[in-house]
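Participant: Take a look at the following structure, please.
What follows draws every value from the coordinates through simple rules; no lab data is involved. Quantities reported herein were computed from a predicted structural model and do not represent experimental measurements. Positions of Cβ are backbone-derived with ideal geometry, glycine not excepted, and every protein chain shown enters the neighbour counts.
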There are 4 protein chains.
Amino acid sequence: MVSAPDPLETSRRMWAVDPASRSLGMELVDLGAGTATVAMTVRDDMVNGYAIAHGGLVATLADTAFAMACNSRGRTTVASGFDVTFLEAGRAGDRLVARARETALRGRSGLYDVTVTREADGVVVAELRGRSRAVDRA
Amino acid sequence: MVSAPDPLETSRRMWAVDPASRSLGMELVDLGAGTATVAMTVRDDMVNGYAIAHGGLVATLADTAFAMACNSRGRTTVASGFDVTFLEAGRAGDRLVARARETALRGRSGLYDVTVTREADGVVVAELRGRSRAVDRA
Amino acid sequence: MVSAPDPLETSRRMWAVDPASRSLGMELVDLGAGTATVAMTVRDDMVNGYAIAHGGLVATLADTAFAMACNSRGRTTVASGFDVTFLEAGRAGDRLVARARETALRGRSGLYDVTVTREADGVVVAELRGRSRAVDRA
Amino acid sequence: MVSAPDPLETSRRMWAVDPASRSLGMELVDLGAGTATVAMTVRDDMVNGYAIAHGGLVATLADTAFAMACNSRGRTTVASGFDVTFLEAGRAGDRLVARARETALRGRSGLYDVTVTREADGVVVAELRGRSRAVDRA
């Protein structure tokens, strides 16, 4: 008896060999069909010249959750781009949690929304909308 | 005799105390009125699970050039958000160069376009459009 | 006895004197605190050279729902921009329904998500994310 | 003797049968390889409840220039989405000019930037960045 392949395997394999997320101290909190939650604590070397979390790194956290979510369907999928809005500044020591969910999936194209919150008080730090595209042969 | 303040000082001061850009190995190549060029070499700890430069970190490079450019007018300015499109994959060892320029400046709001190219062959890796807002009292 | 002003009045007044929405045959279906629903039937003069609903006009429908939603808080608010993704083509005769909701509101800045569906089968035609800014003195 | 097909034919054919652009009074001013200029005068029925040009219709003008530009390469191409920023209000009577140019073209995906100016004084009214995708079999 052969079991069907687990569609979450693509995301899990990616995560296991992702040096960037690891070096930024990210933690994969949760993974589901079309969803993913990734957390990161803002380190002293992640703040910018205004002593707030570098917007690019907040986006990198959200982009990582997006990548996990859009690869959770069992197809090799890449980000073609994203739009991010910064709503609140993160500070060194803040634990940020990025939750990604599938907003639309149509053929090879997907749209994923990611909300980044500060875990301590639930304040929304950023909203990212990611655009994905499956690139496999299937 | 008192000399007028140099508007580029805001960006220079930010850069001097920016731990995030430093820890990612970024280099401020050029800075002008409304423009900035920042370079970064993709390290082994900056690639994702597909062995290509993490899109978030490519965006972080472009976002940094954007931050330098929008603070070059002598006003304290923050990014309210950005949109990024990924056009080509970066690899470990690639030196990426992000050039930011002012597309529009109207009151407190600015729009900056950043092109990220791979230095070796000039191929465009990503295009970012940043939205800024001056937050000082002036 | 003086009653408190109804925050929805700003949106209602705007709608009453909005020639553009009227000339496009739009209907204000619902209005709430931070939400609005606007419908439009694709006319023969709203399709493009590929005989599908002009993307700009689908965006105009969604932008109108966004404008109603972001003005529903009792403050004069303008759209500073939006991002739209087209997911399915609309055809002449299709009744499209745009539902806007508040994703974030922080000081003068707001973020609104609008989903445009084809009423007949509920298929999502487009997703718009609008950025607003209150411009009154309050 | 057979002449090579003119790649601009796709755009020209689209324009000739585009009821939406016609009903909005748009004029195709110029068309080139990867570029297009389209003009529109803001009519009384194109302003919103604040008596300024409806942002959606300004975006529709820019989207039309984008569509002409991205179809100028001889391949059937559709807009997958766009981001627009509003910089200045248009008024009834203003003639607006949208100039689209190709920022990137890679495989089936393209990126087009459109600047909308008020003809009378050259002030920039809006900046749109469009994302296109060729959908033909070629």
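Participant: Put the label 7 Å from Cα along Cα→Cβ for C:A120; what are its distances to the other copies, in nanometres, shortest first?
Facilitator: 4.4, 5.3, 5.5
Participant: So, one more: Normalised by the residues of segment D:36-138, what does the relative contact order come to in percent, with Cα pairs under 8 Å and at least six apart?
Facilitator: 33 percent
Participant: Please name which of C:H54, C:Y112, C:G25 has its Cα lying farthest along the dipole of segment C:9-134 towards the positive end, using unit charges on Cβ (Lys, Arg +1; Asp, Glu -1) and the Cα centre as origin.
Facilitator: C:Y112
Participant: Moving on to the next point. Could you grab the relative contact order for segment A:35-84? Cα pairs under 8 Å, six or more apart, rounded to a whole percent.
Facilitator: Taking the mean separation of contacting Cα pairs over the length of segment A:35-84, I get 38 percent.
Participant: If you line up the Cα atoms of segment A:26-134 on their principal axes, what length do they span on each, largest first, in Å?
Facilitator: Extents along the principal axes, in whole Å: 42, 23, 21.
Participant: Also: Can you list the distances in nanometres, one decimal and ascending, from the A:D45 label point to the identical position in each other copy, with the point 7 Å along Cα to Cβ?
Facilitator: Computed spacing set for this position: 0.5, 6.3, 6.4 nm.
Participant: Considering amide H positions built from the backbone, and no H for Pro or chain starts, which residues 5 or more places from B:V123, or on another chain, come under 5 Å of its amide H?
Facilitator: B:R118
Participant: Please sort by residue number the trypsin sites (Lys or Arg not before Pro) in segment D:40-138 whose DSSP state is loop and whose Cβ has at most 14 other Cβ atoms within 10 Å.
Facilitator: Taking segment D:40-138 and a limit of 14 other Cβ atoms within 10 Å, the loop trypsin sites (Lys or Arg not before Pro) found are D:R91, D:R108, D:R137.
Participant: Per residue of segment B:57-66, in order, report the coupling 6.51 cos²θ - 1.76 cosθ + 1.60 (Karplus, θ = phi - 60°) as ³J(HN,Hα) in whole Hz, putting x for Gly and Pro.
Facilitator: 6, 5, 5, 5, 4, 5, 5, 5, 4, 4
Participant: Could you list B:M46, B:M68 so that the one with the fewest beta carbons within 10 Å of its beta carbon is first and the one with the most is last?
Facilitator: Lowest count first: B:M46, B:M68.
Participant: If you count, for every residue in A:129-136, the Cβ atoms of partner chains within 10 Å of its Cβ, what is the mean?
Facilitator: 3
Participant: Looking only at other chains, what is the average number of their beta-carbon atoms within 10 angstrom of each beta-carbon in B:42-54?
Facilitator: Partner Cβ neighbours, averaged per residue: 6.
Participant: Using a Gaussian network model of chain C whose springs link C-alpha atoms within less than 10 Å, name the residue from C:V123, C:V84, C:V58 with the highest mean-square fluctuation.
Facilitator: Looking only at C:V123, C:V84, C:V58, the biggest GNM fluctuation is shown by C:V123.
Participant: Out of residues 5 or more away from C:G90 or on other chains, whose amide H comes under 5 Å of its own, with H placed 1.01 Å from N in the peptide plane?
Facilitator: For C:G90, whose amide H was placed from the backbone, the distant partners under 5 Å are C:A53.
Participant: Residue-wise, which Karplus ³J(HN,Hα) couplings in Hz belong to segment C:12-22, taking 6.51 cos²θ - 1.76 cosθ + 1.60, θ = phi - 60°, and x for glycine or proline?
Facilitator: Taking θ as phi minus 60°, the curve returns 5, 5, 4, 4, 4, 10, 9, x, 5, 4, 5 Hz for segment C:12-22.
Participant: Next question, about the same structure. Taking Cα centroids, how far is segment B:1-69 from segment D:84-111 in Å?
Facilitator: Each part reduced to its Cα centre gives a spacing of 28 Å.
Participant: Put a label point 7 Å from Cα along the Cβ direction on C:E9, then list its distances to the equivalent points in the other copies in nm, shortest first.
Facilitator: Copy-to-copy label distances for C:E9: 4.9, 6.2, 6.4 nm.
Participant: Under the definition of partner shielding as Cβ atoms of other protein chains within 10 Å of a residue Cβ, what is the mean value for peptide B:10-20?
Facilitator: Rounded to a whole number, the mean comes out at 4.
Participant: Where Rh denotes the Kirkwood radius from the mean inverse Cα pair distance, what is Rg over Rh for segment C:95-135?
Facilitator: With Rg and the Kirkwood Rh in hand, the quotient comes to 1.12.
Participant: Run the dipole for segment C:9-134 about the Cα centre, Lys and Arg Cβ at +1, Asp and Glu Cβ at -1, nothing else charged, and hand back the magnitude in debye, nearest 20.
Facilitator: Roughly 620 debye for segment C:9-134.
Participant: Can you tell me the Rg and the Dmax, both Å, for the Cα atoms in the protein assembly as shown?
Facilitator: Considering the protein assembly as shown through its Cα atoms, Rg and Dmax are 23.0, 88 Å.
Participant: List the residues, sorted by chain then number, that are 5 or more residues from D:T77 or on another chain and whose placed amide H is less than 5 Å from its amide H.
Facilitator: Hits under the 5 Å cutoff: D:V135.
Participant: Kindly write out, for segment B:73-87 in residue order, the coupling ³J(HN,Hα) from the Karplus curve 6.51 cos²θ - 1.76 cosθ + 1.60 (θ = phi - 60°), rounded to whole Hz, with x marking Gly and Pro.
Facilitator: 9, x, 10, 5, 10, 10, 7, 8, x, 7, 10, 10, 10, 9, 10
Participant: Hey, which residue of D has the C-beta nearest the axis mapping D onto C, and what's the distance in Å?
Facilitator: Closest to the axis: D:D83, 2.
Participant: Next question. Quick check on chain C: helices-only [θ] at 222 nm, where DSSP H runs of length 4 and up contribute -39,500 (n - 2.57) each and the sum goes over total residues. Nearest 500, please.
Facilitator: -6000 deg cm²/dmol
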